[in-house]
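Notes follow the structure.
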Amino acid sequence: MTRKFSIAATGLAFAALLLSFSLSARPWQDANLRDIRPEGWLMKQLLVQKEGLTGHPEALSYPYNTCLWDGEIPRMGTHGKDWWRYEQTAYYTDGLLRLGYLIEDDALIGKGESGIHYTLQHPWENGRLGSKRIDDTVWPFVVFFRAIQAAYDTHPDPSVLEALSRHYHSIPMDLLVRNS
């Protein structure tokens, strides 16, 4: 019995190996959100997300019921460091924007893109992006730049790449080392 299982498992492993070689003839590539067309069950689930909390940040608690990245997110209470509210709203903005692109919902896209436009139009004097309250970490930007990447993939604009380049050149090396 054990011997039969080992032979069958070996045959299955060999088949998987052959399959992986045949798939590797085409290297993996990132898919642009505009190239994905959800249908059926997936589309229904995305619409449930839109009708739920993802589509209604105003129904959520702080910091999701704020301006997101479309302005300064006000501090509420004394809990936590200033960066956490930007990190959390960056995750939310990325998901909201990608959902909007997938279901082609202009309202969701507008909510997500408004923070991107604000952030790109209000850099620091040295080119750094985002709130000046986030001066001791880089992680919230990494998360938010995923949303910017989704927007850029959807409608490429060279000024976005220039802004991101200025941002990364403005970060002091000691901050990068401290955050690695």
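Consider region 31-60 and keep the residues that are surrounded by fewer than 12 Cβ atoms within 10 Å (Cβ to Cβ) and basic (Lys, Arg). The one that is modelled with the lowest pLDDT is Arg37. Could we say that Leu175 is touching an Asp or Glu at 6+ places or on another chain (Cβ under 8 Å), in a helix (DSSP H, G or I) and either surrounded by 15 or more Cβ atoms within 10 Å (Cβ to Cβ) or of a type outside the set (Lys, Arg) (or both) here? Yes, satisfied.
Set side by side, the residues Asp94, Asp136 differ, and just one is at pLDDT 95 or above, in contact with a helix residue (DSSP H, G or I) (Cβ under 8 Å, 6 or more places away or on another chain), under 26 Å from Gly80 (Cα atoms) and of a type in the set (Asp, Glu), which is Asp94.
Of all the criteria given as (1) under 22 Å from Asp35 (Cβ atoms); (2) at pLDDT below 95; (3) surrounded by 21 or more Cβ atoms within 10 Å (Cβ to Cβ), the one not satisfied by Thr154 is (3). For Leu129, the stated conditions hold: it is assigned to a loop (DSSP other than H, G, I, E, B) and surrounded by 19 or more Cβ atoms within 10 Å (Cβ to Cβ). Give the residues of region 104-113 that are assigned to a helix (DSSP H, G or I) and crowded, with 17+ Cβ neighbours inside 10 Å, sorted by residue number. If the condition is that a residue be assigned to a helix (DSSP H, G or I) and crowded, with 17+ Cβ neighbours inside 10 Å, then Leu108, Ile109, Lys111, Gly112, Glu113 are the ones that fit. Inside region 57-83, residues that are farther than 26 Å from Pro123 by Cα and within 18 Å of the chain's Cα centre (by Cα) make up a count of 0. Scanning region 28-44 for residues that are hydrophobic (A, V, I, L, M, F, W, C) and in contact (Cβ under 8 Å) with a residue 12 or more places away in the chain turns up Leu33, Ile36, Met43. Cβ-Cβ distances below 8 Å connect the following pairs, each with a first residue in region 45-68 that is without any contact (Cβ under 8 Å) to a residue 40 or more places away in the chain and at negative phi, a second residue that is surrounded by 13 or more Cβ atoms within 10 Å (Cβ to Cβ) and among the charged types (D, E, K, R), and a separation of six or more residues or different chains: Tyr62/Arg85; Pro63/Arg85; Thr66/Arg85.
Does any residue of region 134-145 turn out to be assigned to a helix (DSSP H, G or I), within 27 Å of Gly55 (Cβ to Cβ), touching a residue at least 12 places away in the same chain (Cβ under 8 Å) and over 16 Å from the mean Cα position of the chain (by Cα)? For region 134-145, residues assigned to a helix (DSSP H, G or I), within 27 Å of Gly55 (Cβ to Cβ), touching a residue at least 12 places away in the same chain (Cβ under 8 Å) and over 16 Å from the mean Cα position of the chain (by Cα): absent. Restricting attention to region 86-103, does a residue exist that is touching a residue at least 12 places away in the same chain (Cβ under 8 Å), assigned to a loop (DSSP other than H, G, I, E, B), surrounded by 19 or more Cβ atoms within 10 Å (Cβ to Cβ) and aliphatic (A, V, I, L, M)? Checking region 86-103: not a single residue is touching a residue at least 12 places away in the same chain (Cβ under 8 Å), assigned to a loop (DSSP other than H, G, I, E, B), surrounded by 19 or more Cβ atoms within 10 Å (Cβ to Cβ) and aliphatic (A, V, I, L, M).
The values are calculated or read from the model by the stated rules, or taken from the named source; none is laboratory data. All values reported here derive from a predicted model rather than from experimental measurement. All Cβ positions, even for glycine, are placed from backbone atoms using ideal geometry, and neighbour counts span all protein chains on display.
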